[in-house]
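Engineer: Mind having a look at this structure? Questions to follow.
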Amino acid sequence: MKALLSQAPGGPETLSIAELPDPVPGKGQVLVSVRACAINYPDVLIIEDRYQFKPPRPFAPGGEIAGTVEALGEGVTQFAVGDHVLGVIGHGGLAGKVAVDAARLYPLPEGRSFAEGAALLLTYATTIHALRDRGHLQAGETLLILGAAGGVGLAAIELGKAFGARVVAAVSSEEKAEAARTAGADETLVYPRAPFDKEQSKALSEAFKAAVGPKGADVIYDPVGGDYAEPALRAIGWEGRYLVVGFPAGIPKLALNLTLLKSCDVCGVFWGAFAARDPKANQAHVEHLFKLWGEGRIAPRVTETFALEDGGKAIARMAARQAIGKLVVTF
């Protein structure tokens, strides 16, 4: 089989196509013929050795797949050869085939494409965990979303609306603002590109405050970080919840006096660890997502597809924060 491999730490330019033997499913595993693999920000980090997990090299990045069951390992009874499945696997998805623990896979609903299936779980499962378990978002509250046109950002818009919130989407271009409005955002805000000096940071904070309204944001969903974090935190409401999701703009340093003045919470969101520690709660979230998907209240937006040979280009677009929606490598 073909695979796009990381042979040494570095950027997307260090990835190369190689021929590997087909994997063999072990006990409790399923051999999946990969038909689509979504690209996410962890793929940028993992090939640079900057992610929480550092798999031994060579390895294929790509943690979110959809495909066809080709073979079953010992003890697997919930799937059959030929089934269409999707799942989050950590890494290894940018390869023709992958052996996956059966517990990581879900049936792909009938009528859904492999590209849609590959684009669902990581962003939406992260976001439902963030908004429900960490942010305790309630109907009628105001939700401010940074980076609102990316995969997790659009998921946050859709889920925020599904949960009855007023959604304010902050993005870096008018094109991205239009994507946020299409996803259901009530208000949009186009912010400038960082870095910011003190006056620019203050101006951005005032823009956030004007967008969310005089009471401030009840929940802030931040998958961006960097110089955007403190201006957003200054726009939080009394006893608001600030959700720390990711850092493509850099890891920020927050002025903790702001948390005292607003009596607010800063909450980390680590979906992968949550899913491992509380699989029953995660399963309930996934079932809720499939229900919302079936009702048409959420829908993964695949904006670009790439061949396996161009998987590095997809990761480069993600690294440059140029993606709107989801980028998917198709086989």
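The values are calculated or read from the model by the stated rules, or taken from the named source; none is laboratory data. For clarity, every value in this text was computed on a predicted model and none was experimentally measured. Reconstructed Cβ throughout: ideal geometry from the backbone, glycine too, with neighbour counts over all protein chains shown. To get the accessible areas, we keep the full protein, side chains included, count just its heavy atoms, and leave off ligands, DNA and RNA. Shrake-Rupley method; radii C 1.70, N 1.55, O 1.52, S 1.80 Å.
Engineer: Restricting attention to segment 89-107, report how many residues are part of a strand (DSSP E or B) and of a type in the set (Val, Ile, Thr).
Structural biologist: Of the residues in that region, 2 qualify.
Engineer: Being touching a Cys at 6+ places or on another chain (Cβ under 9 Å) and open to solvent by less than 10 Å² (accessible area, probe 1.4 Å) is the filter here, so list the residues in segment 119-137 that pass it.
Structural biologist: Result: 130, 135.
Engineer: Is it the case, given these coordinates, that residue 187 is within 21 Å of residue 324 (Cβ to Cβ), open to solvent by 30 Å² or more (accessible area, probe 1.4 Å) and in contact (Cβ under 8 Å) with a residue 40 or more places away in the chain?
Structural biologist: no
Engineer: Hey, can you tell me all the residues within segment 193-238 that are assigned to a loop (DSSP other than H, G, I, E, B), within 21 Å of residue 260 (Cβ to Cβ) and in contact (Cβ under 8 Å) with a residue 40 or more places away in the chain?
Structural biologist: Those that are assigned to a loop (DSSP other than H, G, I, E, B), within 21 Å of residue 260 (Cβ to Cβ) and in contact (Cβ under 8 Å) with a residue 40 or more places away in the chain: 215, 216, 235.
Table: residues versus (1) in contact with a helix residue (DSSP H, G or I) (Cβ under 9 Å, 6 or more places away or on another chain); (2) closer than 27 Å to residue 161 by Cβ.
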{"position": "290", "(1), (2)": "no, yes"}
{"position": "297", "(1), (2)": "yes, yes"}
{"position": "306", "(1), (2)": "yes, no"}
{"position": "328", "(1), (2)": "yes, yes"}
{"position": "331", "(1), (2)": "yes, no"}
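Engineer: Got a sec? Which of 70, 116, 74, 110 is in a strand (DSSP E or B) and open to solvent by 40 Å² or more (accessible area, probe 1.4 Å)?
Structural biologist: Residue meeting the stated conditions: 70.
Engineer: Kindly indicate whether any position in segment 318-325 is without any contact (Cβ under 8 Å) to a residue 24 or more places away in the chain and in contact with a helix residue (DSSP H, G or I) (Cβ under 9 Å, 6 or more places away or on another chain).
Structural biologist: yes
Engineer: Additional query: Looking at segment 41-74, which of its residues are among the polar types (S, T, N, Q) and modelled with pLDDT of 95 or more?
Structural biologist: 68, the sole residue that qualifies.
Engineer: For residue 17, work out the one condition from (1) over 28 Å from residue 112 (Cβ atoms); (2) crowded, with 16+ Cβ neighbours inside 10 Å; (3) touching a residue at least 60 places away in the same chain (Cβ under 8 Å) it doesn't fulfil.
Structural biologist: Here residue 17 clears every test but (2).
Engineer: Working only within segment 29-56, note down all residues that are over 18 Å from residue 246 (Cβ atoms), part of a loop (DSSP other than H, G, I, E, B) and open to solvent by less than 30 Å² (accessible area, probe 1.4 Å).
Structural biologist: Residue satisfying the conditions is 55 alone.
Engineer: Suppose we keep only residues that are modelled with pLDDT under 95, assigned to a loop (DSSP other than H, G, I, E, B) and not charged (D, E, K, R) within segment 301-331. Which one would you say is farthest from residue 41 (Cα to Cα)?
Structural biologist: The extreme case among them is 331.
Engineer: Additional query: If you take the residues of segment 239-255 that are of a type in the set (Val, Ile, Thr) and part of a loop (DSSP other than H, G, I, E, B), which of them is most open to solvent (accessible area, probe 1.4 Å)?
Structural biologist: 251
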